[in-house]
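Working notes for the structure below.
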Amino acid sequence: MLNALVGEHLAIVSPKPQSTRLPVVGLLTKNDTQYIFTDSPGLLEPEYQLHEVMRRAALRAIDDAEVIAYLHPLSEHPAPPLARVAGLERAPRAPIVTVYTKADLVQPSNRPTVQPSDVFVSAETGEGIDAFLAALAGRLPESPFHYDADELATQPMRFFAAEFIREAAFEQLHEELPYSIACEIDEFREGAEPVYIRAMLYVERDSQKGIVIGEGGRTIKALGAAARAKIEVLLGQRVYLDLHVKVLPKWRRDEPALKRLGYAAS
Ligand SMILES: Nc1nc2c(ncn2[C@@H]2O[C@H](COP(=O)(O)OP(=O)(O)OP(=O)(O)O)[C@@H](O)[C@H]2O)c(=O)[nH]1
Ligand SMILES: [Mg+2]
C-alpha cells in the first residue's frame, strides 16, 4: 500500500506475514498537502524479543500519527475494532480511517457496504487511492511542509539496501528461513561506479548457513542478483553487491544482537 501511495518500491512486500520489522516512511506531496506515511509492523502478540521491538515500533507509530490508516482485507469485512485486535489499553488519540485493502480480489457485486468514513483500495490496480488520500487530507492538521515536495523517503539508502536483500531472502528462501535472516550493510561506497555494497546476511544456525549458500553457492548468488536489481532501481545506479553469510546464534532473541542489527528496542 505504501508503495502504491508514493509510486515507488520502498517497503518490502511478501505473501509471508511479518515481513515488515521496522517502520518505513514514504512521502507524497500533492498540491497543498504533504503526506508522511509510516508503514509500521503489525501489532502482533510477541513470541520473542524481535517481536517486542516490532510491537513497540507499531505502538509508537500509533502514538505519533495525526491520522491512523487501519488496513484490513476487504474479503474479511467488517474489520474488528483496532484497539481490540491490537490489544491496546486505550483507544488511540488520532482519528482512524479503516482502509479495506485488496479490493481487486472481491467482485464488485460481492462488495459489502462500508461506513461512509471508510475506504476501499487496491494497491494492485490503484483503485480507491485518490479517495483514500482525500479521506486522509480532510483529517490532517495545517502545518508548513516538513520535506521538499520532490522527496520520497527519509531513510538512508543503506537501510533500503538491507531491506531489499531481506525481500529477496523472503522470495527465495522457503518456509521459516526468511524469519531467521537479518542483514547488515558493512560498506556502502557511493563514489564508486558501480556503487560498491558489502553486506552480511545473518542466520541463526549453522544448518541455515548451508541452505542460504546452496549447492556450489547457487542460492546466495541468485539471492544477491535479485537484491542487486532491486537496489539499482531505487538508487538509479549500477551496483556491485558483495554478499556474505554468517551465523549469529539466536539473534532474534538476543538484545545486543538486535541492537547491532538496527532493531533497537527504544
Ligand atoms: N491482490 C492484491 N494483493 C495485494 C494487494 N496489496 C498487497 N497484496 C499482497 O498481499 C501480500 C502481503 O502484502 P504486504 O505488503 O507484504 O503486507 P503487509 O501488511 O505489509 O504485511 P507485513 O509487513 O508482513 O506485516 C503480498 O503478497 C502482496 O502482493 C492488493 O491490493 N491486491
Ligand atoms: Mg509490510
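The values are calculated or read from the model by the stated rules, or taken from the named source; none is laboratory data. Computed from a predicted structure; not experimentally measured. Counting neighbours? That spans all protein chains shown, and the Cβs are built from the backbone with ideal geometry, glycine included. To get the accessible areas, we keep the full protein, side chains included, count just its heavy atoms, and leave off ligands, DNA and RNA. Shrake-Rupley method; radii C 1.70, N 1.55, O 1.52, S 1.80 Å.
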| query | Restricting segment 51-85 to residues that are within 13 Å of ligand 1 (Cβ to nearest atom) and either touching a residue at least 60 places away in the same chain (Cβ under 8 Å) or more than 28 Å from Asn110 (Cβ to Cβ) (or both), which is most open to solvent (accessible area, probe 1.4 Å)? | reply | Leu71
| request: Return yes when Glu151 is at pLDDT below 95, out of contact with any His (no Cβ under 8 Å at 6 or more places or on another chain), within 23 Å of Leu22 (Cβ to Cβ) and open to solvent by 10 Å² or more (accessible area, probe 1.4 Å) and no when it is not. | output: no
| remark: A careful count of residues in segment 1-34 that are more than 9 Å from ligand 2 (Cβ to nearest atom), open to solvent by 20 Å² or more (accessible area, probe 1.4 Å) and under 18 Å from Leu152 (Cβ atoms) gives 14
| message | Against the conditions (1) under 19 Å from the mean Cα position of the chain (by Cα); (2) in contact (Cβ under 8 Å) with a residue 60 or more places away in the chain, where does Tyr48 fall short? Just the number, please. | response | (1)
| Quick one: would you say Arg260 is in contact with a Ser or Thr (Cβ under 9 Å, 6 or more places away or on another chain), among the charged types (D, E, K, R) and farther than 25 Å from Glu8 by Cα? | no
| Tally time: how many residues in segment 115-130 are within 16 Å of ligand 2 (Cβ to nearest atom) and under 12 Å from His72 (Cβ atoms)? | 1
| note | Ala91 meets each of (1) touching a Leu at 6+ places or on another chain (Cβ under 6 Å); (2) small (Gly, Ala, Ser); (3) more than 11 Å from ligand 1 (Cβ to nearest atom) with one exception, condition (1)
| message | Suppose we keep only residues that are among the hydrophobic types (A, V, I, L, M, F, W, C) and over 19 Å from Glu151 (Cβ atoms) within segment 2-40. Which one would you say is farthest from ligand 1 (Cβ to nearest atom)? | response | Leu22
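Among Pro95, Pro108, which is the only one that is within 24 Å of Tyr35 (Cβ to Cβ) and more than 21 Å from the chain's Cα centre (by Cα)?
It is Pro95.
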| task | Would you mention how many residues in segment 119-148 are more than 16 Å from ligand 1 (Cβ to nearest atom), closer than 17 Å to Val97 by Cα and in a loop (DSSP other than H, G, I, E, B)? | result | 4
| message | Checking Glu151 against (1) in a loop (DSSP other than H, G, I, E, B); (2) more than 30 Å from Leu261 (Cα to Cα): exactly one of these is not met. Which one? | response | (2)
